[in-house]
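Just so it is clear, none of the values below were taken in a lab; they were calculated from the coordinates. Since the model is a prediction, treat every value here as computed from it, not as a measurement. Cβ atoms come from the backbone with ideal geometry, glycine included; neighbour counts cover every protein chain shown.
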């Protein structure tokens with residue numbers, strides 16, 4: 001029993017010893033921290049110059065923050081006042097011509113602050129007489145309030161570099177707006193990804209929103225029509241069957257400056273069946289139709305949300321040209337025949353190189369090429385590139401057709417194609433979805449016939465599919 005009692009006493013002594021050691025360690029750490037931290041100081045968060053946004057019809061005061069930094073073990077009392085000497089010095093230093101704002105345009109409603117030991121940020125407040133302010137700023141936008149901050153107790157060090165500022169008020173309209181205005185590139189779905197997905201779009205205010213804000217959105221086709229007309233584009237309107245707006249009325253919660261609305265994109269509506277997929281660059285034009293308070297930003301009231309539903313381009317690595325009926329390599333003039341314009345250039349994945357027809361005495365039309373893709377692919381779209389850069393004058397293919405085969409024996413007509421004009425460099429056209437290994441690309445009409453044929457170049461032949 002004595003031994004047990006002695007053990008208990010020993011354990012208790014060890015416990016108290018460890019506790020004392022830990023206390024001393026923590027105290028030492030606190031002392032070390034204090035040794036490496038600077039003493040408390042105080043100054044303005046935005047010294048020298050700051051803009052003050054004054055929103056029409058709103059009574060929110062402007063807050064000018066004072067910041068206390070350092071160890072955080074001292075209190076402080078500070079105040080601000082208008083000081084014309086601050087304005088004179090600012091103009092002289094910065095080459096400006098700011099003017100003292102008349103006192104009837106504002107009131108400094110909080111001109112003194114008390115900081116406890118633990119406080120690090122508090123705000124002076126300025127309220128505005130919007131009627132008078134609007135009248136004065138209508139005459140000149142150069143009016144400011146020059147302010148000097150004083151530290152009213154000697155226990156804390158003022159930061160001499162952060163004691164003065166010039167407050168420049170500017171009147172603004174309180175708006176709600178789309179975060180992304182105008183044409184915006186959104187999702188890029190593929191044939192193999194999700195059939196449906198939610199799309200989120202952000203709406204925001206340019207002011208601090210203190211109460212719940214309700215707004216309505218609507219799809220407006222005229223936005224897209226006007227955009228296409230103004231920009232010479234041909235974006236398609238996303239079909240109604242390809243999206244779902246579960247609601248048109250949305251809210252931004254109180255004390256939040258932004259929120260999202262959403263819609264459901266339904267890819268299945270663009271995939272009619274296994275042989276017909278409606279590829280394209282689609283746009284859903286949405287605008288903010290109304291808002292419960294204040295106004296809608298006239299330059300950011302709408303979004304043209306683009307959904308680019310395009311097939312992937314098939315990699316031509318491993319392709320070969322197994323048949324063709326004209327090439328510059330056959331030319332009777334040696335230096336033309338020596339040019340690197342062979343038919344393999346059509347599939348080298350390089351738009352800077354190109355194939356050329358027999359040049360001096362062209363062969364008669366039509367011209368054709370047979371491509372072996374190495375394996376079967378599902379085909380969605382085809383096209384070709386004309387030469388670019390210094391060779392952009394070349395080209396000349398106007399129209400033709402494409403056939404396909406799985407065995408290079410039996411050929412089936414796939415599509416007739418035509419180009420819009422001779423200057424277009426990039427040509428593509430959709431096709432009915434088929435599966436094939438071999439493609440026959442035929443050119444039977446040109447822009448500038450010559451000796452029954454054409455002096456023609458094509459940079460690249462392309463196929464999209466999977």
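Of 278, 139, how do they rank once you tally other Cβ atoms within 10 Å and put the fewest first?
139, 278
On each of the three principal axes of the Cα atoms of region 41-172, give max minus min coordinate, whole Å, ordered largest first.
Sorted from largest, the Cα extents of region 41-172 read 48, 34, 19 Å.
Rg and Dmax in Å for region 187-266, alpha carbons only: what are they?
Over region 187-266's Cα set, Rg and Dmax evaluate to 15.8, 45 Å.
Sort 417, 411 by Cβ crowding within 10 Å, fewest neighbours at the top.
411, 417
May I ask for the angle, rounded to the nearest 10°, between helix 221-231 and the longest principal axis of the chain, with both axes built from Cα atoms and the value confined to 0 to 90°?
Result, in degrees: 70.
Relative to the longest principal axis of the C-alpha atoms of the chain, give the angle of the C-alpha long axis of helix 130-139, reported between 0 and 90° and rounded to the nearest 10°.
60 degrees
Starting at 0 and stepping by 10 Å, how many percent of the alpha carbon pairs of region 175-309 end up in each bin?
Values per bin, smallest distances first: 12, 41, 30, 14, 3, 0.
Remind me, what semi-axes does the chain give for its equivalent ellipsoid, largest first in whole Å, using sqrt of 5 times each Cα gyration tensor eigenvalue?
Each semi-axis is √(5λ); the values are 70, 36, 26 Å.
In region 80-120, if every C-alpha pair distance is counted and binned at 5 Å from zero, what percent goes to each bin?
5, 17, 18, 17, 15, 12, 10, 5, 0
Would you mind checking the radius of gyration and Dmax of region 320-465 based on alpha-carbon positions, in Å?
14.6, 44
Calculate for the chain the 222 nm mean residue ellipticity that helices alone would give, adding -39,500 (n - 2.57) per DSSP H run of length 4 or more and normalising by residue count, nearest 500 deg cm²/dmol.
-5000 deg cm²/dmol
Principal axis extents for region 259-329, Cα atoms only, whole Å, descending order, please.
So the extents along the principal axes, rounded to whole Å, are 72, 33, 19.
Which angle from 0 to 90°, rounded to the nearest 10, does the C-alpha axis of helix 2-36 make with the longest principal axis of the chain?
80 degrees
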